Amino acid sequence: MDVYYVILALIAGACAPTQAGINSQLGSITGDPSIAAMISFMVGAIGLTTYVVVTGVPWPSIRIFGEVPWWMWTGGLLGAFLVFVSIVLAPKLGATATLGLIVAGQMIVSVVLDHFGLIGYEEHPTNIWRILGVILLLVGVVLIKKF
């Protein structure tokens, strides 16, 4: 398994819990989860339009609206990255390895976000069992890919 693909899948997996926290905070500010989701995906669309511009495909203009802290706009970008990387890696690594590595990245970042109570998550201190769980998940991915 190419190290580049492993790192890319772990980074993609790290995006999911961060995105959920950001979008939850955005929902608190906008007062409606559907508005928060719309804003999140609009920002993700900006990242995807960058791809369209670089590749020369014509794209429509997009208006960004709302007054929120800058970091809350990143939720859509994280979601778009996750979806894109999943599509790219699945044929190269297989569904099990791709999703296993994405989940491993999610678990690693989730443990950190929980430990420090970041981006709206309640604090849940890291302990040996949480760390062991993440390690076992990574071992499981390696075993599945190898055999």
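Nothing in this text is a laboratory measurement; each read-out follows from the coordinates by a stated rule. Since the structure is predicted, the reported quantities are computational estimates derived from the model, not experimental observations. In this analysis, Cβ positions are derived from the backbone assuming ideal geometry, glycine residues included, and neighbour counts consider all displayed protein chains.
Miscellaneous remarks
- Cβ-based exposure ranking for Ser28, Ser110, Ser86, in which fewest neighbours within 10 Å come first: Ser28, Ser86, Ser110
- Burial ranking of peptide ranges 96-107, 120-131 (average Cβ count within 10 Å, highest at the top): 96-107, 120-131
- Counted charge near Leu93, where neighbours are those whose Cβ lies closer than 15 Å (Asp, Glu -1; Lys, Arg +1): +2
- Top positive-direction residue, dipole computed over the chain with Cβ charges, set Ile35, Leu143, Ile11: Leu143
- Candidates Phe81, Phe116, Phe41, ranked by Gaussian network fluctuation over the chain, Cα under 10 Å, top entry: Phe116
- Full-extension gain in nm, Thr96 to Lys146, via 0.36 nm per residue minus C-alpha separation: 16.9 nm
- Per-residue ellipticity at 222 nm computed for the chain from its helices equals -26500 deg cm²/dmol, with DSSP H segments shorter than 4 residues left out and the rest contributing -39,500 (n - 2.57).
- Taking the square roots of 5 times each eigenvalue of the Cα gyration tensor of the chain, largest first, gives ellipsoid semi-axes of 29, 23, 9 Å.
- Dipole magnitude for the stretch 3-146: about 580 debye, using +1 per Lys or Arg Cβ and -1 per Asp or Glu Cβ, origin at the Cα centre.
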